[in-house]
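Contents: one structure, followed by commentary.
The values are calculated or read from the model by the stated rules, or taken from the named source; none is laboratory data. Only a predicted model underlies this, so the values are computations on that prediction, with no experimental measurement involved. Here the Cβ positions follow ideal geometry from the backbone for every residue, glycine too, while neighbour counts run over all protein chains shown.
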Amino acid sequence: MSESWASTLTGKNIILGISGSIAAFKAAILARELERCGACVRVILTSSAEKFIGRATFEGLGFEVYQDLWSGPHELHVSLAQWADLIVVAPSTADLIARLANGHCNELLSATILCAEVPIWIAPAMHPSMWKAEATQENIEKLNRRGIKLIGPAHGEVASGDEGLGRLVEPSQIIEHLVENTHAGSELLGRHIIVTAGPTREALDPVRALTNLSSGKMGYAIAAAASAAGARVTLISGPVALAPPLGVQRITIESARELQEKLEEVLGAERDKADLLVMAAAVADYRPSQVSGAKLKKGEKPPEIHLEANPDIIANIGKERQGQQPLLVAFALETSTGDELIQAARKKLINKRVDYVVANNSADSLGRSDATVCLVSPSDCIHYPEMKKAALASQLVSRWAKDISERLPSSHD
Ligand SMILES: Cc1cc2nc3c(=O)[nH]c(=O)nc-3n(C[C@H](O)[C@H](O)[C@H](O)COP(=O)(O)O)c2cc1C
């Protein structure tokens, strides 16, 4: 499956509210598409919505689902409102519109919306007669005045077979609308960020190779988050099944030595063509000493494979760096956990002379859409709890952006 990220939604926390319209089934597609854009999505279902689509659908797709105003240990509507960067309700019923217009908050979705201080979008879906009813139109006017914005409704055939204005706007158009109307950040405006991602592939013969299980998801999420923060991003990627994030220049490589060659080109001999280098790629430490020009045949005995060391790319860059440019970030993927994992990351930080090491345990992150990491620097170690890689990437990028603005005052090209 290929994934792509639309940059302005990357890393955004989005609440998808769903109310009791027959169009509620389309919300599952919308939730999935929002996630593909790199957003972290939580779903709130009204009790009527659940008559049209079950929470199992969303939970099965991996989303957190909330329904009950009374279920949290604390005030759930308050914590959800504070978590969100944006709320979209699709479909929105006439009744929910009436509740919102009048400040009702007797169930979780309307209570969360009343509490939220973030952009709120509603995509109505109802019979055309309900839409054009004076009461609905007055309620819509009230919402407009309060800055709650509409997506649709669309004109066309509705569930009853009648035609008119009242159809839910298609999920793909809702996404387009949100992408166009959500502002990208500007923390990294004018900066150049290089990210490496994915595995390398070291050939044994024309049809076989040594490789690893890196999916590239973390590096791609970082590239997307940096692009969303306004940076010019070059992504050097090993073989993965991911589409390049919007606005990111991707260069594809196979082997470690190819990665080194492309990185040298992009970074420049003076190492001054980038503000930040994030080495998220899982680069092979060794490669076969000999690559057969023809397919190796099955013999009586298994062949012996001799390996030789690949260049330690990040250590070489760390050694050659003059001053603080570019900011250097390495990754440490280990099978250890806890203190042992942090120790390994700290050792890497010193040996490779980098500014940060992102430490992660393979079971917690390899190939997954979520990750749990520690960001180790010479002065501290920040623990990031389990979260979607898109959200994590956005937090890591924010942290590095702050460092860049303190250490590297001016930008360049
Ligand atoms: C079969 C069926 C379909 C419905 N479709 C819609 C609809 O598309 N839009 C709407 O505004 N209300 C629709 N309703 C009415 C709402 O479900 C009803 O007003 C409900 O109280 C809304 O609750 P909620 O806003 O909390 O989700 C429908 C009701 C039924 C029984």
Before we move on, is Ser186 surrounded by fewer than 19 Cβ atoms within 10 Å (Cβ to Cβ), at pLDDT below 95 and not assigned by TED's automatic domain parsing to the domain that holds Ser129? yes
Where in the range 89-173 are there strands (runs of 3 or more DSSP E), lying wholly inside it, with at least 2 residues that are out of contact with any helix residue (DSSP H, G or I) (no Cβ under 8 Å at 6 or more places or on another chain)? 154-157
Hey, Arg42 hits all of (1) in a helix (DSSP H, G or I); (2) at pLDDT 95 or above; (3) away from the ligand (no atom under 16 Å from the Cβ) but one; which does it fall short on? (1)
Please determine whether any residue of the range 46-60 is away from the ligand (no atom under 16 Å from the Cβ), in contact (Cβ under 8 Å) with a residue 12 or more places away in the chain and among the aliphatic types (A, V, I, L, M). no
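Which residue out of Gly20, Gly11 is more than 30 Å from Pro245 (Cβ to Cβ) and assigned to a loop (DSSP other than H, G, I, E, B)?
Gly20 is the lone residue from the list that is more than 30 Å from Pro245 (Cβ to Cβ) and assigned to a loop (DSSP other than H, G, I, E, B).
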Per the filter on the range 328-356, residues at pLDDT 95 or above, in a strand (DSSP E or B) and under 21 Å from Ala256 (Cα atoms) are Leu328, Val329, Ala330, Phe331, Ala332
Output the number of residues of the range 200-238 satisfying the condition of being under 20 Å from the mean Cα position of the chain (by Cα), among the polar types (S, T, N, Q) and either farther than 16 Å from Ser394 by Cβ or surrounded by fewer than 24 Cβ atoms within 10 Å (Cβ to Cβ) (or both). 4
From Ala294, Ala269, Ala241, grab the single residue that is surrounded by fewer than 21 Cβ atoms within 10 Å (Cβ to Cβ), assigned to a loop (DSSP other than H, G, I, E, B), without any contact (Cβ under 8 Å) to a residue 40 or more places away in the chain and out of contact with any Lys or Arg (no Cβ under 7 Å at 6 or more places or on another chain). Ala269
Just to be sure I understand the filter: pairs with C-beta atoms under 6 Å, separated by 6 or more residues or on different chains, first member in the range 80-94 and assigned by TED's automatic domain parsing to the domain that holds Lys12, second member of a type in the set (Lys, Arg). Which pairs pass? Asp85/Lys12; Leu86/Lys12
Checked Leu76, Leu80 against criteria (within 33 Å of the chain's Cα centre (by Cα), farther than 21 Å from Ala23 by Cα, crowded, with 20+ Cβ neighbours inside 10 Å and away from the ligand (no atom under 12 Å from the Cβ)); the one match is Leu80
Per-region count, the range 245-264, residues basic (Lys, Arg) and in contact with an Asp or Glu (Cβ under 8 Å, 6 or more places away or on another chain): 0
